[in-house]
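Notes follow once the structure below has been shown.
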Amino acid sequence: MTKVVRARKKGQVTIPDEYRKALGIGDDTLLRMHLADGELRIAPVEVREQSQGSPWLLELYEYFAPVREEAEAKGYTDEEVNRWIDEAVTAYRNERHG
C-alpha cells in the first residue's frame, strides 16, 4: 500500500487508519523511526513487561536502536548487539560503583 500524506506544523504526519490497523498501532504504541536510503521508515516497537530492570535501561536500549539497525545491516545479530550493550552497561556500573 502506498499513500501520500502532507506534513503538518512541526513535521507532524497522520498515519492512515488502515496502516495503523494492519500494524496494530494504538494510542500508546511506541514507534521507531529510521532514516535509510532516503526513506523514513516507521515501525511499531514491542515493549515487554519485565519484572526486573529499570525504565532508564529500556530508554538506553531504545537510544541504541539506530546502532543495532546498522549492526544488523553489517550481519550482526540482535543477540550479539544486546550482549555488547549489556557488557558495556555492566562495565560502567562496575566502574562507577567499584
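Read the figures in this text as sums done on the coordinates, not as results from a lab. As the structure is a prediction and not an experimental result, all values here were calculated from the model. In this analysis, Cβ positions are derived from the backbone assuming ideal geometry, glycine residues included, and neighbour counts consider all displayed protein chains.
Farthest towards the positive end of the charge dipole of the chain, among the residues Pro66, Ser54, Ile85, is the Cα of Pro66, using unit charges on the Cβ of Lys, Arg, Asp and Glu. Relative to the Cα centre, the charge distribution of the chain, modelled as +1 at Lys and Arg Cβ and -1 at Asp and Glu Cβ, gives a dipole magnitude of about 600 debye. Within the chain, the longest segment free of exposed loop sites, counting GluC sites (Glu not before Pro) that fall outside DSSP classes H, G, I, E and B and have at most 14 other Cβ atoms within 10 Å, spans 50-98.
Near Gly26: Cβ cut-off under 15 Å, other residues only, Lys/Arg at +1 and Asp/Glu at -1. The net charge is -3. Full extension of the chain segment joining Ala65 with Glu79 gains 3.7 nm, where the gain is 0.36 nm per residue of separation less the Cα-Cα distance.
So if a site counts as exposed when it's one of the trypsin sites (Lys or Arg not before Pro), its DSSP state isn't H, G, I, E or B, and it has at most 16 other Cβ atoms within 10 Å, what's the longest stretch of the chain without one? Free of exposed loop sites, the longest segment is 9-47. Helix content alone sets the calculated 222 nm mean residue ellipticity of the chain: runs of n ≥ 4 DSSP H residues at -39500 (n - 2.57) each, divided across all residues, give -14000 deg cm²/dmol. Within the set (1) 32, 17, 13; (2) 45, 12, 8; (3) 28, 18, 11, the number that semi-axes √(5λ) of the Cα gyration tensor in Å takes when calculated for this structure is listed as (1). Straight-line cross-link partners of Lys3 among the aspartates and glutamates, defined as a Cα under 17 Å from its Cα and at least 8 positions apart when in the same chain: Asp17, Glu18, Glu39.
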